[in-house]
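What follows is a short report on a single structure.
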Amino acid sequence: MRRLALVASKGTLDGAYPPLILAATAAGLGWEAGIFFTFYGLDIIHRKKHRRLKVSPLANPAMPVSLPPLLAALPGMEAVATAMMRRWMKAQRLPEVSEFLDMARESGVKLFACSTTMGVMGIEREDLIEGAEIAGATAFLDFAANADVSMFV
Amino acid sequence: MRRLALVASKGTLDGAYPPLILAATAAGLGWEAGIFFTFYGLDIIHRKKHRRLKVSPLANPAMPVSLPPLLAALPGMEAVATAMMRRWMKAQRLPEVSEFLDMARESGVKLFACSTTMGVMGIEREDLIEGAEIAGATAFLDFAANADVSMFV
Amino acid sequence: MRRLALVASKGTLDGAYPPLILAATAAGLGWEAGIFFTFYGLDIIHRKKHRRLKVSPLANPAMPVSLPPLLAALPGMEAVATAMMRRWMKAQRLPEVSEFLDMARESGVKLFACSTTMGVMGIEREDLIEGAEIAGATAFLDFAANADVSMFV
């Protein structure tokens, strides 16, 4: 059986999609898949925060609708960029983050919350979505050691 | 035969170089190499945009010439940072992005455009450089499953 | 013997921790580990800079203490964000970057400085910490080809 091991270290909406898409695709192919959420990536499995991940309009000149930095820094522009990205994703019929997480759990994708960085990020056990299990870097390396594909996102 | 499988997810000039350098190096060593361009990374194989990828002077305190954020946010500073980075790369005789893409095609590096995120990024088939082929995450995982080294950039 | 091959491409404090934690964990498990520092990541093994890596308060909406962009861009806010992150890490008893580097050298973790990008980043041989060895992408790929886990951070 093939295995995919991912680290998800980003807590933005655009940073959350690649590991979720890859894990869902792998599970659909019958692979075993696991995601180790660490640092900002822990927000993706945070009970409340995963529903309001944001896109920054700043410091990403590759945003399809690019704004001059001073404009992008104005209050409310983060919400605008996030709403645009959500609309583009919806138009492509991409599931929402919460739907991806449901699919992941249903298809047996392992969701590991990094024990070392939970404290750094101020995240408690009860903040995590159901199905997430707390694990250390050792457990992740053990899992990844037997993976066919390992990637840090 | 060794194989390198990369995901290129960033659409900045500094984000484009690592996958291009790694793929060109691998091809030079006789490896099979493939890059899966997704999200912002699709700009690297966009017919027009790949010639004007930019560097953001914001939110990267490790830029060799670091500017205070308020100064870095001024109009024109993105162009200044990009010009500086291009000059540093030229001084090291690093090829330009377009030259790397030529080399990649000549040495048989596979250039996959992520079908799922092309729509999200508003990129059409005719926007892609010659030689790029549209593929899904499934095709990429198939390719990566037999790779010796897989990395997400 | 298991082997971990990492690329460290980020020069921020929050970007430095994941490769250092993973390499230290791997070494603790008896794995062979190597980190290839490239582009901004070279700052992590820069004699002076590794002690003052910073966190950007901009363009990361997932920062636990999130600030509106215009406020985050004010002079001094980068220092504030960095001090906060250092405090959170200290509270979790995470070693400092310099301590991680000491541990890495003591446990035989290979520290490769990317020869191609040292010039781009304006870093000379004498800027590197003791124990770092200069290597090209070819040497890294050779090392990674036999790794059980390879990741680009």
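Read-outs: derived from the displayed coordinates by stated rules, not from any lab. Nothing here was measured: the structure is a model prediction, and the numbers come from that model. Positions of Cβ are backbone-derived with ideal geometry, glycine not excepted, and every protein chain shown enters the neighbour counts.
Just rank B:THR116, A:THR138, fewest to most, by other beta-carbon atoms within 10 angstrom.
Fewest-to-most Cβ neighbours within 10 Å comes out as A:THR138, B:THR116.
Among DSSP beta bridges lying fully in the protein assembly as shown, give the percent that are antiparallel, nearest 5.
5 percent
Need one number: nm distance between label points at A:ARG93 and B:ASP142, each 7 Å from Cα along Cα→Cβ, rounded to one decimal.
Here the answer is 2.1 nm between the modelled labels.
With just the Cα atoms defining each centre, how far is the range A:67-83 from the range A:108-145? Give it in Å.
So the two Cα centres are separated by 32 Å.
Which one, B:TRP31, B:VAL97, B:GLY119, is farthest towards the positive end of the dipole of the range B:3-152 when Lys and Arg carry +1 and Asp and Glu -1 on their Cβ?
B:VAL97
Within 10 Å of each Cβ in B:117-129, how many Cβ atoms from other chains are there, averaged over the peptide?
3
So, with +1 on the Cβ of K and R and -1 on the Cβ of D and E, and no other charges, what is the size of the charge dipole of the range A:3-152 about its Cα centre, to the nearest 20 debye?
500 debye
Have a look at C:LYS49, C:LYS90, C:LYS110 and tell me which one the Gaussian network model of chain C (Cα, springs below 10 Å) gives the largest fluctuation.
Maximum fluctuation in the GNM of chain C, among the listed residues, is at C:LYS90.
List nothing, just return the count: lysine pairs in the range C:3-152, 8 or more apart or interchain, with Cα separation under 17 Å.
4
Which value in deg cm²/dmol, rounded to the nearest 500, describes the helix-derived mean residue ellipticity at 222 nm for chain B, given -39,500 (n - 2.57) per DSSP H run of n ≥ 4 and division by the residue count?
-11500 deg cm²/dmol
As I understand it, the dipole of chain A uses +1 on the Cβ of Lys and Arg and -1 on the Cβ of Asp and Glu, about the Cα centre. Which of A:MET1, A:ALA139, A:LEU20 lies farthest toward its positive end?
Going by the Cα projections, it comes out as A:LEU20.
At most 10 other C-beta atoms within 10 Å and a DSSP loop state: those are the exposed GluC sites (Glu not before Pro) I care about. Give me the longest piece of chain B that has none.
B:1-123
Mean Kyte-Doolittle of at least 0.0 and a Cα length of 20 Å or more along the axis: which whole DSSP H helices of chain B meet both?
Once both thresholds are applied, what remains is B:13-28, B:77-91.
What do you get for Rg/Rh of chain C when both radii come from the Cα atoms and Rh is the Kirkwood radius?
Looking at chain C, the ratio lands at 0.99.
For the range B:62-153, which chymotrypsin sites (Phe, Trp or Tyr not before Pro) pass both filters: DSSP loop (anything but H, G, I, E, B) and at most 10 other C-beta atoms within 10 Å?
Those that pass, being in a loop and sparsely packed, number zero.
What distance in nm separates the simple spin-label points at C:ARG86 and A:GLU130, each placed 7 Å from Cα in the Cβ direction?
In this crude label model, C:ARG86 to A:GLU130 measures out at 4.3 nm.
If you count the DSSP beta bridges with both ends in chain B, what percent of them are antiparallel, to the nearest 5?
5 percent
Can you compute the equivalent ellipsoid semi-axes for the protein assembly as shown, i.e. the square root of 5 times each eigenvalue of the Cα gyration tensor, sorted largest first and rounded to whole Å?
Here the semi-axes work out to 26, 26, 26 Å.
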